[in-house]
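In what follows, a structure is listed as structure tokens, so that the remarks can point back to it.
Read the figures in this text as sums done on the coordinates, not as results from a lab. Just so it is clear, the model here is predicted, and its values are computed rather than measured. Don't worry about glycine lacking a Cβ; one is built from the backbone with ideal geometry, like all the others, and counts go over all protein chains shown.
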Amino acid sequence: MELPSKTRIRKSGELIRSARFDPDTPHDITQLGEALDVVKLFRRAHQEPMAKVRNGLTSMVNTLGFEPVITQRLKRSERIIRKLHRSVGSSHGRTTLDRLEDIGGVRVILPDQAAVQLLADRINRRWNVHRDRDYVKEPQPTGYWARHIVVIRDARFVEIQLRTPWEQSWADAVEAADNRLALTLKDGIGPESMITYFALAANQLRARELGHTVDRATLEAFREAREQVVAEGYYRK
């Protein structure tokens, strides 16, 4: 698949972002249509590299003797544009469409952290790894914890998420709340009470998964957070 230049991909992403989130800025309809076509083309260009990564991971885990759950997905266009917008004014710098690392993603759910480490080691030895983020050691502010490894396949970034059942159960609960309440808690956006509630829930689950003791202060804070989200009507007793 022949793609436009990186410059055009970058400008197309910014044009669509601006049209979506800066409605007061005038835009040419023809240019918007062309830019949207470029965004869709760039998104589709990740399909085959993503499938190759999934096939390779399937082979790796079979060799290691695991029975994981492996899924793949292309990030939806709306979420791509939303992510571009979130980077505006970010302390980490602005992200452009051509530099997004998670348009194509493969998720592997493994039995425990030991299995995650074995697979991560094999990926790092055998593939072209662009970035390796260990959110188990340093969880995100939302509480999210997992291992993310970005590899380069056919000149495209593909993000590999390595999760355990503990991590997946928490992520499923966040996604269920997002879907039910039309929120974006997975991005750290939403009512402060819900963000706090899920962050404290993650702290407890992570501690238990790693064999750590959950201190009394954290348990009490979680109890109060749960009472708050119930009082605000997000959950029932």
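See the values below:
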quantity	calculated
Pairs of Cα atoms farther than 22 Å apart, the chain, %	60 percent
Value of [θ]222 nm, deg cm²/dmol, for the chain, DSSP H segments ≥ 4, -39500 (n - 2.57) each, nearest 500	-17500 deg cm²/dmol
Interchain or long-range residues, amide H under 5 Å from Tyr235's placed H	Val230
Length added when fully stretched, Leu219-Phe21, from 0.36 nm per residue minus Cα-Cα	67.3 nm
About the Cα centre, charge dipole magnitude for region 1-131 (Lys/Arg +1, Asp/Glu -1 at Cβ), debye	160 debye
Cα-based Rg and Dmax for region 103-215, where Dmax is the largest Cα-Cα distance (Å)	14.9, 47
Of the DSSP H helices in the chain, those whose Cα atoms cover at least 15 Å axially and whose Kyte score averages -1.0 or more	6-21, 29-44, 47-64, 113-126, 165-181, 192-209, 216-231
Rough spin-label spacing in nm, given labels placed 7 Å along Cα→Cβ, for Ser5 and Arg94	1.9 nm
Which of Val214, Ala114, Tyr235, positive extreme of dipole for the chain (C-beta unit charges)	Ala114
Length added when fully stretched, Ala176-Ala51, from 0.36 nm per residue minus Cα-Cα	42.3 nm
The chain, relative contact order [Cα under 8 Å, separation at least 6], %	16 percent
Relative contact order (%) - criterion: Cα under 8 Å, at least six apart; region: region 133-237	22 percent
Relative contact order, percent, region 70-118 [alpha-carbon distance under 8 Å, six or more residues apart]	51 percent
Modelled FRET efficiency - R0 25 Å, Leu32 with Ile70, Cβ distances, 0.05 increments	0.10
Of all DSSP beta bridges in the chain, antiparallel share, percent nearest 5	75 percent
Two-decimal Rg to Rh for region 170-237 - Kirkwood Rh, Cα set	0.98
Within region 62-84: backbone nitrogen closer than 16 Å to the Ile189 label point (7 Å, Cα to C-beta)	76-84
